[in-house]
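The values are calculated or read from the model by the stated rules, or taken from the named source; none is laboratory data. Treat the numbers as computed from the prediction; the structure is a model and nothing was measured. Here Cβ is always computed from backbone atoms with ideal geometry, including for glycine, and neighbour counts include all displayed protein chains. For the accessible areas, the whole protein counts, side chains as well, though only heavy atoms, and no ligand, DNA or RNA atoms are used. Shrake-Rupley method; radii C 1.70, N 1.55, O 1.52, S 1.80 Å.
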Amino acid sequence: MNTFRFIFAYIKRHRFQYIAGIITLFVVDFVNIFIPQKIGKVTDGLESHNLSWNGVKQSLFIICLLGFILTIGRFLWRYFIFGAARVIEKELRNEMFGHLEKMSVEYYNEHKTGDLMTRFTSDLNAVRMAIGPAVISAFDASVMTVMVIFQMMYYVNVELTLLAIIPMLFICFGEIYYGKIIYKRFKARQEAVSNLTDFVQESFSGVRVIKAFVRERSELKAFTKANKATMEKNLDIVRLQSIVMPLLDVVIGASTLITLVYGGYLVLYGKITLGKFVAFHQYINMLVWPMLACGESIQMFSQGGASVRRIKEVFEEKPEIFDSDTTEEIEKMEGNIVLSHLTFIHKGHTEPTLKDINLTIPAGTTLAVIGRTGNGKSTLVNLLLRLYNTKPGMILIDGRDINTIALKTLRENIAYVPQDNFLFSDTLKSNIAFGSEEDMQAITKATKAACIHENIVRFPDGYETVVGERGVTLSGGQKQRSSIARALMKDAPILILDDALSAVDTDTEERILHNLKQTREGKTTILIAHRISTIQNADIILVLEDGEAKEIGNHNQLMLQNGIYRDMYEKQQLEAAKGELVE
């Protein structure tokens, strides 16, 4: 019950549907118990030859009417309760997706995609079964059992009833123990499914790497191992069910045997009529469903409880990055950025990634950040986007602490081209207009500035070309330029290009940089690159080394310092000269 308390809030929203469904189910059960009684009376009437043909027709009509009421009732309780369960499943999925969108980058670094996918699918399905079919089974089993036993005692015989239900008492005690075991086994099974899902997702995403390194056989072996582990966890549940279900049949068979022996004895000695014996036997058969339903409901509640706990774990994770109480409303930013003693340590690390960086970037300035791999360049721009939290006062935008600016406002005013150049499996037009209106004039302007327009119009479907998953049907350079066009569509006061020109040739790079200079006049642009040619015309160049700002200045100033920047420049010039000689 403590586990399901989390779900009660959702059930409360749809309480009227549940109440209507339970009332309808109660009516169905109430009507159902009179059918054996009616058949018993017809049997007695036929045996004593006291029932006329009109009486038979009247009894058949009543039985058919009761059957019609049962049909309507069973439709209604399914409609109300199953419908409510489906709606709750949808609400949970929507709220969980919305909650995960608020989580920081660190959360996704620590949680596997396959595990999250399993919680969205298999776990939510188990929860739906627990708040839908399991509720029906539990209520139906309880009400039907009480009604049938009362009717057996009242209409037939108390002693026969007590003897017949004694074997069934063992089910009540056994299923409590059964529920605890199935809970543990189902939880283990869900974890195995999560691991398998994550393995499959990673294998399909990295299929080109697998083929390139001829690792199909080893991947198949690893998949077989994960698949076998999932099968074993499923078999643990099946083995338990294969023991429990036959035991239920044994118990029900024992009750039927007692009915035949002692009930037959009572009929022979005239203590009950043949019709009542027939009715009692039908009542015993009617108890079969509640006994089976009881086992099914315990199983579904146990499985649902394990899944509820896994879903609850997602909601219990609080977003690390959120709007504070001191958040200020800003309509538009200018793009003035100040870094004041900026220091940052990644979660789980002991050494800071960035150390005491001080820098002023006036609006309209082009800042270039250069340095060796792993020196904190991407971390710096991620902090500007508030993908990670910083201490108050370390980053100011337009004179305001970045922590006091609403996340929506901050990110709407920053256009960002990440290193991985992620594209959705959609049309090029939709990808480029992502986050903006699909204005073809603006899209064309952005693609021309990013030097991708000529490539797109050569495609058979042009801007309606559907790119594969993560843009796999495009080349590396085409993906980069499409991502740049998407960022330019925002026309934001701040543009960040994180190594966004690494896959294009130098001629195309020069054209893109020339276009950026024209389209970004008066706006702040931040370039991260490894090639000096990309950043040498920037207003300010920041050289990072071991997370520290070792050198700051423009190209000419840094060349005069004879430091890291000049050393990188000369090495790249030498490599370029060697390349030309080889050609």
Of H281, L513, L544, which is farthest on the positive side of the dipole of the chain, counting Cα position, with +1 on Lys and Arg Cβ, -1 on Asp and Glu Cβ, and the Cα centre as origin?
H281
Where only protein heavy atoms count, and the probe is 1.4 Å, what is the accessible area per residue for the chain in Å²?
52
Just name one of N358, I402, L387: the one whose Cα is farthest towards the positive end of the charge dipole of region 358-440 (beta-carbon charges, Lys/Arg +1, Asp/Glu -1).
N358
Order by accessible surface, 1.4 Å probe, largest leading, for residues M153, M489 comes to M153, M489
Just to verify a number: what accessible area does W289 come out at with the full protein assembly present, 1.4 Å probe, Å² rounded to tens?
100
Compute the relative contact order of the chain as a whole-number percentage, counting only Cα pairs closer than 8 Å that sit 6 or more residues apart in sequence.
15
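Can you give the local net charge around M394? Use residues other than it whose beta-carbon is closer than 14 angstrom to its beta-carbon, Lys and Arg +1, Asp and Glu -1.
Numbers: positive: K355, R386, K391, R400; negative: D356, D401.
After counting each charged neighbour, the total is +2.
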Once amide H atoms are built 1.01 Å from N in the peptide plane, which residues 5 or more positions from E545, or in another chain, come under 5 Å H to H?
K550
Starting at the first residue of region 318-326, write each ³J(HN,Hα) from the Karplus equation 6.51 cos²θ - 1.76 cosθ + 1.60 with θ = phi - 60°, in whole Hz, x for Gly and Pro.
8, x, 7, 10, 7, 6, 8, 5, 9
Under the definition of Cα pairs under 8 Å and six or more residues apart, what whole-number percent is the relative contact order of region 98-243?
35
Between helix 158-205 and the chain: long-axis angle, C-alpha atoms, 0 to 90°, nearest 10
20
Would you mind checking which residues have amide H under 5 Å from T353's amide H? H placed 1.01 Å from N; only 5 or more apart, or other chain.
F344, I345, H346
Listed highest first by mean packing, meaning other Cβ atoms within 10 Å per residue, what order do 517-523, 375-381, 501-507, 542-548 come in?
375-381, 542-548, 501-507, 517-523
Distance in nm between Q573 and I63 label points, each 7 Å along Cα→Cβ, equals 10.4
Can you compute 3J(HN,Hα) from phi for each residue in region 507-517, using the Karplus curve 6.51 cos²θ - 1.76 cosθ + 1.60 with θ = phi - 60°, rounded to whole Hz and x for Gly and Pro?
5, 5, 4, 4, 5, 5, 5, 5, 5, 5, 4
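I'd like the carbon and sulfur percentage of the solvent accessible area for region 453-551, probe radius 1.4 Å, heavy atoms only, ligands and nucleic acids excluded.
Carbon-and-sulfur percentage of accessible area, whole number: 44.
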Tell me which of I456, A164, I81 sits at the most positive position along the dipole axis of the chain, charges placed on C-beta atoms (Lys, Arg +1; Asp, Glu -1).
A164
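Checking the table K391/K490; K187/K347; K355/K550 against a 20 Å threshold on Cα-Cα, which pairs fail?
From the list (K391/K490; K187/K347; K355/K550), the Cα-Cα distance tops 20 Å for K391/K490; K187/K347.
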Name the residues whose placed amide hydrogens come within less than 5 Å of the amide hydrogen of I395, ignoring near sequence neighbours (fewer than 5 apart) on the same chain.
S340, I402
How do R86, R189 stack up against each other in accessible area, from largest to smallest, with a 1.4 angstrom probe?
R86, R189
Residue-wise, which Karplus ³J(HN,Hα) couplings in Hz belong to region 231-242, taking 6.51 cos²θ - 1.76 cosθ + 1.60, θ = phi - 60°, and x for glycine or proline?
4, 4, 5, 5, 5, 4, 6, 4, 4, 5, 5, 5
Sequence gap at least 6, Cα distance under 8 Å: using those rules, report the relative contact order of region 483-583 to the nearest whole percent.
20
With -39,500 (n - 2.57) per DSSP H segment of 4 or more residues and division by the full residue count of the chain, the 222 nm estimate, nearest 500 deg cm²/dmol, is -20500 deg cm²/dmol
Rounding to the nearest 10 and keeping the result within 0 to 90°, find how far the Cα-based axis of helix 440-449 lies from the longest principal axis of the chain.
50
To the nearest 10 square angstrom, what accessible area does H341 show with a 1.4 Å probe?
100
Ordering I210, I22 by the accessible surface of their heavy atoms, 1.4 Å probe, largest first, yields I22, I210
Restricting the count to DSSP beta bridges whose residues both fall in the chain, what percent are antiparallel, rounded to a multiple of 5?
45
13 Å Cα-Cα reach of K332 towards aspartates and glutamates, excluding residues that sit fewer than 8 places from it in its own chain
D398, E412, D491
